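Inspection log for the structure reproduced underneath, given as C-alpha cells.
The values are calculated or read from the model by the stated rules, or taken from the named source; none is laboratory data. If you're wondering where the values come from, they're calculated on a predicted model, not measured in any experiment. Using ideal geometry, Cβ is built from the backbone for each residue, glycine included, and neighbour counts are taken over all protein chains shown.
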Amino acid sequence: MSILDIRVLGDPVLRKPTKPVIEVTDELRKLIANMFETMYVAEGIGLAAPQVGRTDRLAVVDVEGAKYVLINPRIVSTQGTRKEMAEEGCLSIPDIYGDVERPATVTIRATDENGNEYEATASELLGRCFQHEIDHLDGKLFIDYLSPLKRKAAMSKWEKAKGEYPGSIRKVRSEEKGEHHHEHETEM
Ligand code: NI
C-alpha cells in the first residue's frame with residue numbers, strides 16, 4: 001500500500017464532477033486500499049477520489065470503525081425535514097473548520113469493493129460524512145455552505161495557509177500524525 005498525495009483547495013480536480021465506475025477492477029481495489037491508508041495517516045474519517053487527483057465516483061469512509069467503500073454512491077432519501085448543524089473540516093482544506101447544516105438522517109445506495117450493491121441509513125457523524133463525501137463527487141466542498149461572512153473569514157485564513165501546499169499538493173507523512181488535530185475537529 002502507498003500513501004497518496006492529497007490535493008488541496010485550488011486544484012481544479014476538486015471542482016470536477018466525477019465519472020461513474022463501470023467495473024470494479026483490481027486497479028480500483030488497489031486505489032481503495034491506498035485511499036484508506038492515506039485517510040488513516042492523515043487522520044481523516046472520509047476521503048473521496050478527487051482528493052487524490054482521480055475522477056472516479058468513489059469514496060472511502062471510516063467513522064469510529066464503521067468502514068464503508070462508496071462506489072457510485074447516491075442519496076436515495078433523507079428522513080423527515082430535520083436538519084442539524086455541526087462543525088466540519090476537510091482533508092483538502094486543512095485546519096479550516098465551519099458549521100454546516102445538513103439533513104440529520106440519510107439513506108444512501110452504493111456498490112462495495114466486491115461489486116455488491118448495498119443500502120445504508122445513517123445519522124450523526126456517519127450520515128454527515130456520507131453527505132460530505134458524496135458532495136466531493138459532485139465537485140462540492142463544505143465551504144460552499146458557509147454564510148458569505150463566514151466563508152470570507154475562512155478564505156482569508158486559507159490564503160495565509162495555502163503557501164504550505166505548493167502545487168496544491170498536501171504531502172501526508174506518518175510523522176505528522178496528530179499535529180493538526182484537536183479533540184473535536186474532524187476532517188473528511
Ligand atoms: Ni472533504
Within the set of pairs 6+ apart or on separate chains, which have a first residue in the stretch 88-100 that is among the aromatic types (Phe, Trp, Tyr), a second that is assigned to a strand (DSSP E or B), and C-beta atoms under 6 Å apart?
97/87; 97/89
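Could you check the stretch 32-44 and list, in sequence order, the residues that are farther than 16 Å from residue 169 by Cα and of a type in the set (Ser, Thr, Tyr)?
40
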Does the stretch 1-31 hold any residues that are among the hydrophobic types (A, V, I, L, M, F, W, C), closer than 21 Å to residue 173 by Cβ and surrounded by 13 or more Cβ atoms within 10 Å (Cβ to Cβ), and which are they?
3, 4, 6, 8, 9, 31
Sole miss for residue 116 among (1) within 25 Å of residue 18 (Cβ to Cβ); (2) out of contact with any Asp or Glu (no Cβ under 9 Å at 6 or more places or on another chain); (3) touching a residue at least 24 places away in the same chain (Cβ under 8 Å) is condition (3)
Return the residues of the stretch 76-95 that are of a type in the set (Val, Ile, Thr) and at pLDDT below 95; say none if nothing qualifies.
78, 81
Residue hits (the stretch 88-107; within 16 Å of the ligand (Cβ to nearest atom) and in a strand (DSSP E or B)) are 88, 89, 90, 93, 94, 95, 96, 97, 98, 99, 100, 102
Exactly one condition in (1) part of a helix (DSSP H, G or I); (2) among the charged types (D, E, K, R); (3) more than 14 Å from the ligand (Cβ to nearest atom) is false for residue 128; which is it?
(3)
Can you work out which of the residues in the stretch 108-125 that are among the acidic types (Asp, Glu) and not in a strand (DSSP E or B) is nearest to residue 154 (Cα to Cα)?
124
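Between 157, 152, 162, which is more than 14 Å from the ligand (Cβ to nearest atom), within 18 Å of residue 52 (Cα to Cα) and in a helix (DSSP H, G or I)?
162
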Out of all the residues in the stretch 106-128, which are hydroxyl-bearing (Ser, Thr, Tyr) and surrounded by fewer than 18 Cβ atoms within 10 Å (Cβ to Cβ)?
107, 118, 121, 123
Test: residue 69 is under 15 Å from residue 129 (Cα atoms), in a strand (DSSP E or B) and within 13 Å of the ligand (Cβ to nearest atom)
no
Of all residues being part of a helix (DSSP H, G or I) and touching a residue at least 60 places away in the same chain (Cβ under 8 Å) in the stretch 29-62, which is nearest to the ligand (Cβ to nearest atom)? Just the residue, please.
51
Filter the stretch 9-28 down to the residues that are in contact with a Lys or Arg (Cβ under 7 Å, 6 or more places away or on another chain) and either farther than 24 Å from residue 151 by Cα or away from the ligand (no atom under 15 Å from the Cβ) (or both) and list them by number.
18, 19, 20, 21
Here the residues within the stretch 74-87 that are part of a strand (DSSP E or B) and either of a type outside the set (D, E, K, R) or within 16 Å of the ligand (Cβ to nearest atom) (or both) are 75, 76, 77, 78, 85, 86, 87
Kindly indicate the residue of the stretch 82-105 that is surrounded by fewer than 18 Cβ atoms within 10 Å (Cβ to Cβ) and of a type in the set (D, E, K, R) and also nearest to residue 39 (Cα to Cα) among those meeting that condition.
95
